[in-house]
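Here is the structure we will look at, set down as structure tokens.
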Amino acid sequence: MKKTISSALYAIGFFMSLTGVGFACDFCLLSQGVSPLETFRGSGIRINERYTRLNSVYKGTDEVTNPGAKEEYWTTEFTGFYSVTEDIMLLAVLPLKNTRQNAHLHVHEDGDLEAHSDMKGGVTGLGDVAALGRYTFFKNHTLDATTILAGVFGVKFPTGGTGGKTDDGAEYLDSHLQTGTGSTDFLLGLSSSYALARFSLSANILAALTTEGEAGDTRHRFGNSINYDVTAMYRVHPFELAPTISQVFLAFGLNGETRQREKENGVALADSGGSTIYLSPAIRLALPPRWIAEIQYQHPIYHNLYGVQMGEDYRLVGGVTYLF
Amino acid sequence: MPKILAAIATVALLSVFPASASHGMDKALLSKAGLQEMRQKAPDFSLKMDGRTISLADCAGKVAILHFWATWCKPCMEEFPLFEKMLQGLKDKDAVFLPVSIDAKATQEEIDAFAKRLGASFPVYLARPGNITDRYWTWGVPVTYFIDKKGWIVGRAMGPGDWAGPEILNLIEGLLKESKTLEH
């Protein structure tokens, strides 16, 4: 058993260093908290903590003066993964969410912005659980390099709450502040990686096809979205891998999301949807035989949000993986 | 957006068809043995020992097991008894085992003594001063390559393996049965 674990970790270390499992897609599905492309070989559980702060307002690509609205999101994700075969992995993601806004951003018809501090509020609870499968359909190992392509398919279930209200109980919070989406959504993606010695490059893309669900007292549909990332990773220690030696990786990624407008009772919301792109440096530590830890900072470098919306200032992600 | 989604769906559908076999041997044997499948002509190499040079040409017509290890690698040590056991089953067969130490400072005498202490009766080789680590991936140890009779690398094991287990022995038997003139 010890040998199996050791081999698994070595394989993971090798995989991370050579085939570059990226810090993929942590921008994915903001309201669902799913990172389906972050996968390992073997089986285990991963716990992720993600903090996101929105304290800026954007009109298209331009940042405009924020009248005082602020949103914060804490997401704790439990991800279990299990390799059915060498090429097929199953994942289940269970998010716990805590959301908070200190004021609601209101856009007047004339374009003026106002922060409604009477609409502060937040919710805590189970988010939308997702089940995913990953199938590696192409592997090419040569002496110098490894290339891997995999397909991802998943379903996100409406297990999260959608009835959260403001602190005074007068109004429902906006749909993106709820812990769930109220809808069953489908995930489809591709994952690729190329590795050469201690350097690796990974690229992932994930599409989310949404359906309509209930949010508060409305029928709500989040827009379909595409998440993507390109991540380069370098093993800074050790020079030569061995199953018992801790490994340190530095990573630098470009990731983002493009999302269509949301619909409420069938009507598209002008101030929803758009694109955000991040630069994401990260560091990852593998501690044999069972532990992997990582921390990542995501800094938005481009916003193009439809209408007028709150935009993200940054997000911070920390994760620990335990291998069975 | 719909075009992109259609493209993703197409690729996903295509993905249900597994990659075709890239060489003559049974891929299941590789998979069961925990090896990465490879299809690459083995690069030539030279290993020196007791004034003698061993190269890939010396392995022609034989199944070659090229194993990289190091004295500082604890799991590598645990593998020596397993390799010893594996080789007991390969006596008088067309198979050659080349355990190559990637140690930067150890001498031949030191690795000989090291292997002997671990119960190995097989010879061990130093990668230096030859060219083998330039030509084979050795960024991590242990790593083990399986080369068929015709000089093709068919698989690679990353990390420690159960070298005396039936899966490995079945793989080697499969490689031994392969025709020397197998077309790749």
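Table for the structure above
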{"quantity": "Summed residue charge, Cβ within 12 Å of B:VAL154's Cβ, Lys/Arg positive, Asp/Glu negative", "calculated": "+2"}
{"quantity": "Label-point gap, in nm, between A:VAL267 and A:ILE45 - each point 7 angstrom along Cα→Cβ", "calculated": "4.6 nm"}
{"quantity": "Per-residue average of Cβ from other chains inside 10 Å of A:203-211", "calculated": "2"}
{"quantity": "1.4 Å probe, heavy atoms, protein only - residues of region B:65-79 losing at least 30 Å² accessible area vs chain alone", "calculated": "B:TRP72, B:PRO75"}
{"quantity": "Contour minus Cα-Cα distance for A:LEU90 and A:GLU109 (0.36 nm per residue)", "calculated": "2.1 nm"}
{"quantity": "Max mean-square fluctuation residue, GNM over chain A, Cα-Cα springs under 10 Å, options A:ASP62, A:ASP168, A:ASP185", "calculated": "A:ASP168"}
{"quantity": "Full-extension gain in nm, A:ASN55 to A:ASP118, via 0.36 nm per residue minus C-alpha separation", "calculated": "20.9 nm"}
{"quantity": "Check: the protein assembly as shown dipole with +1 on Lys, Arg Cβ and -1 on Asp, Glu Cβ, in debye", "calculated": "2120 debye"}
{"quantity": "Calculated FRET efficiency for the pair B:ASP26/B:LEU118, C-beta based, R₀ 35 Å, to 0.05", "calculated": "0.60"}
{"quantity": "Where region B:20-177 is the region considered: accessible area per residue in Å², 1.4 Å probe", "calculated": "43 Å²"}
{"quantity": "For region A:2-323, alpha-carbon Rg over 2.2 N^0.38 Å", "calculated": "1.02"}
{"quantity": "Spatial separation of Cα centroids for region A:51-72 and region B:71-122, in angstrom", "calculated": "63 Å"}
{"quantity": "Ordering of B:101-109, A:252-260 by packing [mean C-beta count within 10 Å, highest first]", "calculated": "A:252-260, B:101-109"}
{"quantity": "Dimensions (Å) - region B:40-184, Cα atoms, principal axes, largest first", "calculated": "41, 30, 27"}
{"quantity": "Members of A:LYS139/B:LYS91; A:LYS120/A:LYS156; B:LYS27/B:LYS177; B:LYS74/B:LYS149; B:LYS48/B:LYS74; B:LYS62/B:LYS85 lying beyond 23 Å, as alpha-carbon distances in this model show", "calculated": "A:LYS139/B:LYS91; A:LYS120/A:LYS156; B:LYS74/B:LYS149; B:LYS48/B:LYS74"}
{"quantity": "Alpha-carbon centroid distance for the pair region A:271-291 / region B:47-64, whole angstrom", "calculated": "47 Å"}
{"quantity": "Inter-label distance for A:LEU143 and B:LYS91, nm, one decimal - labels placed 7 Å from Cα along Cα-to-Cβ", "calculated": "3.4 nm"}
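The values are calculated or read from the model by the stated rules, or taken from the named source; none is laboratory data. Note that the coordinates shown come from a computational prediction; the quantities given were computed from them, not determined experimentally. Every residue, glycine as well, gets a Cβ built from its backbone with ideal geometry; the counts of neighbours run over all protein chains shown. Just so you know, the surface numbers come from the protein's heavy atoms only, side chains and all, with ligands and any DNA or RNA stripped out. Shrake-Rupley method; radii C 1.70, N 1.55, O 1.52, S 1.80 Å.
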